[in-house]
Structures are given as structure tokens and as C-alpha cells.
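Below: one structure, written as C-alpha cells.
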Amino acid sequence: KNEVEQSPQNLTAQEGEFITINCSYSVGISALHWLQQHPGGGIVSLFMLSSGKKKHGRLIATINIQEKHSSLHITASHPRDSAVYICAGPLGYNTDKLIFGTGTRLQVFP
Amino acid sequence: EPEVTQTPSHQVTQMGQEVILRCVPISNHLYFYWYRQILGQKVEFLVSFYNNEISEKSEIFDDQFSVERPDGSNFTLKIRSTKLEDSAMYFCASSKGQIKTYEQYFGPGTRLTVT
């Protein structure tokens, strides 16, 4: 079955901590998307990557295509980073059908 | 910064009624999508739309669902005869190109409640 799995499901951290969220998928993909879902429900795209590493501010995303694994890192976490982080991929190379992970709920306390 | 908009933000309807959810994608985007998220569950793909036709759809997108781009700006999702299990948040998204190459931009969602 085509799946995208994330870990952990829930994560709490103290402000300033380094956060890692993991994502693994069952079949080869052309690209992986990291998304942030705010408490109000809105979804924002953070990264789309197909190889290597991308950085945006305090956020870093990496992907290992051979191992079918991606990680999202947050450096110097802040309470405003509290949200659900979701990875999603078009499982296969010629599809636009995104399969979503169940999300990681992150809470950062001051 | 351009954004995807959706209306209404919340729709309450009775079982069996037809609903139309509206989306205005970003103007120079070519690919359009609908997703749904049942409360407490993960986001699910419904349909993708390109060049005025459906390019892919999921098993959820049965004959009760249809999509349309009636003019150059709107992109609509119609549910013909709503069921209780259609209650969910529906997200529209758009992108410049295929998602293997381009990021998607999501609208704020429409919360559909079927009573």
C-alpha cells in the first residue's frame, strides 16, 4: 500500500530546542512536500524538495531519495512554531496525487 | 503576495442538498486541486485539474462530486447530494506546474457541516 509515515506523532519542546520530524514513504517519489498546518486549519507550504537539502530561515529540510526518507529540522524553536507539520508526496513519478502523512503536532513552550 | 481564496469559510447544509464550494486560484497558476480533511484525520487528495479537465481523481471523488472552472478565475467543487460523511474541511490549492516541480499554494479552507 502506498503510504507516507511520520514520526513522532506528537512533540513537545522548550523554546530554543532543536526539533527533528521524520517522514518515510513506501515507493519512489519525484518530490516531497513539507507543509505547516496552523491551529486555525490553514495550510502553508514550507518546502518542496527532490534531493539534498533546503533551508529557509530556521527551517531545514533534507531528503534521501534512496532511503525514502526526509527530515524537517527547526533550529532555535519558538512558541510560534507550534503547529502540525505534514509531509506529503506524489507516490510515483508521473502523478499529481499527493499522499499525506498523518502529521506531527509540535508544541513549543516558553 | 498573491493568495488562493475560498468561499464560503463555513457552509452548513442538510443531508441530500447540493453544495458548491468556490475557490479563486492564483492568477498565473495552471494546476488546481481539491483536498478534504475530516476532523482529526489526515488530508486526502480528491482531484487535480489541468487544461480544463480532470487529470487525476481519488476513489473518494465519485459521481456525487464534480469540478468546474466556469471562467478564467473561479474553480468550483460541487457535491450533488451531500451525506453526513461529507462533513470536512475542504481545501483548494493551485500551482504553476506539476507538484513534482512546483510548490502548491493552499486556500484557507471551507468547513462543510452536513446535518
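Odds and ends about this structure:
- Summed residue charge, Cβ within 13 Å of B:Phe75's Cβ, Lys/Arg positive, Asp/Glu negative: 0
- Cα lying deepest toward the dipole's positive end in the stretch B:1-62, options B:Pro8, B:Val43, B:Tyr31, charges on Cβ: B:Pro8
- Spin-label proximity, A:Val44 to the stretch A:8-35 - amide N less than 16 Å from point 7 Å beyond Cα toward beta carbon: A:34-35
- Loop-located chymotrypsin sites (Phe, Trp or Tyr not before Pro) in the stretch A:20-110 (DSSP state other than H, G, I, E, B) with a sparse environment of at most 15 neighbouring Cβ atoms within 10 Å: A:Tyr93.
- Note, ³J(HN,Hα) from phi for the stretch A:15-30, Karplus 6.51, -1.76, 1.60, rounded to Hz, x at Gly and Pro: 3, x, 6, 8, 10, 10, 10, 10, 9, 10, 9, 8, 10, x, 10, 8
- Sorting A:Thr12, A:Thr62 by solvent-accessible area of protein heavy atoms yields A:Thr12, A:Thr62, largest first, with a 1.4 Å probe.
- Carbon/sulfur fraction of accessible area - the stretch A:3-84, other protein chains in place, 1.4 Å, %: 50 percent
- Neighbour net charge for B:Pro2 - beta-carbon separation under 14 angstrom, K R +1, D E -1: -2
- Put simply, chain B fits an ellipsoid with semi-axes of 22, 14, 14 Å; these come from the alpha carbon gyration tensor as the roots of five times its eigenvalues, largest first.
- Annotation: amide H-H contacts under 5 Å for A:Leu91 (H modelled 1.01 Å from N, sequence separation of 5 or more, or interchain): A:Ile99.
- FRET efficiency for the A:Gln107 to B:Asn51 pair, using the beta carbon distance and R₀ = 41 Å, is estimated at 0.45.
- For A:Ile65, distant residues with modelled amide H under 5 Å away: A:Gly52
- In sequence order, the stretch A:47-53 has phi-based couplings of 8, 10, 9, 10, 6, x, 8 Hz under the Karplus curve 6.51 cos²θ - 1.76 cosθ + 1.60, θ = phi - 60°, and Gly or Pro positions carry x.
- Remark: the stretch A:78-86, residue by residue, has Karplus-estimated 3J(HN,Hα) of 9, x, 5, 7, 4, 5, 9, 10, 10 Hz, where x stands for each Gly or Pro and the curve is 6.51 cos²θ - 1.76 cosθ + 1.60 at θ = phi - 60°.
- In this view, the solvent-accessible surface of A:Leu46, computed with a 1.4 Å probe and all protein chains in place, comes to about 30 Å².
- When Rg and Dmax are taken over the Cα atoms of chain A, they come to 13.4, 44 Å.
- Those trypsin sites (Lys or Arg not before Pro) in the stretch A:1-56 that DSSP places in a loop and that have at most 13 other beta carbons within 10 Å: A:Lys1
- In chain B, the portion of solvent-accessible area held by carbon and sulfur atoms comes to 45 percent [1.4 Å probe, whole percent, DNA, RNA and ligands not counted].
- Given charges at beta-carbon only (K, R positive; D, E negative), |dipole| of the stretch A:4-98 in Debye: 240 debye
- Here the simple spin-label model places points 7 Å from the Cα toward Cβ, and for A:Ser26 and B:Asp62 these points are separated by 2.3 nm.
- Angstrom value of the Kirkwood radius, inverse mean 1/r, which spans all Cα pairs in the stretch B:45-92: 11.7 Å
- With DNA, RNA and ligands ignored, accessible area of B:His10 (1.4 Å probe; Å², nearest 10): 100 Å²
- Kirkwood hydrodynamic radius of the protein assembly as shown, from inverse mean 1/r over distinct Cα pairs, in Å: 18.0 Å
- Span from the the stretch A:31-110 Cα centroid across to the the stretch B:62-115 one, whole angstrom: 22 Å
- Along chain B, the exposed loop sites are trypsin sites (Lys or Arg not before Pro) outside DSSP states H, G, I, E and B with at most 14 other Cβ atoms within 10 Å, and the longest stretch free of them is B:1-79.
- A cut-off of 5 Å between modelled amide H atoms, ignoring neighbours fewer than 5 places along the same chain, links A:Glu15 with A:Phe109.
The values are calculated or read from the model by the stated rules, or taken from the named source; none is laboratory data. Bear in mind that the values here come from a model prediction, so they are computed numbers and not experimental data. Here the Cβ is made from the backbone with ideal geometry for all residues, glycine too, and neighbour counts use every protein chain on show. Only protein heavy atoms, including side chains, enter the accessible area calculation; ligands, DNA and RNA are left aside. Shrake-Rupley method; radii C 1.70, N 1.55, O 1.52, S 1.80 Å.
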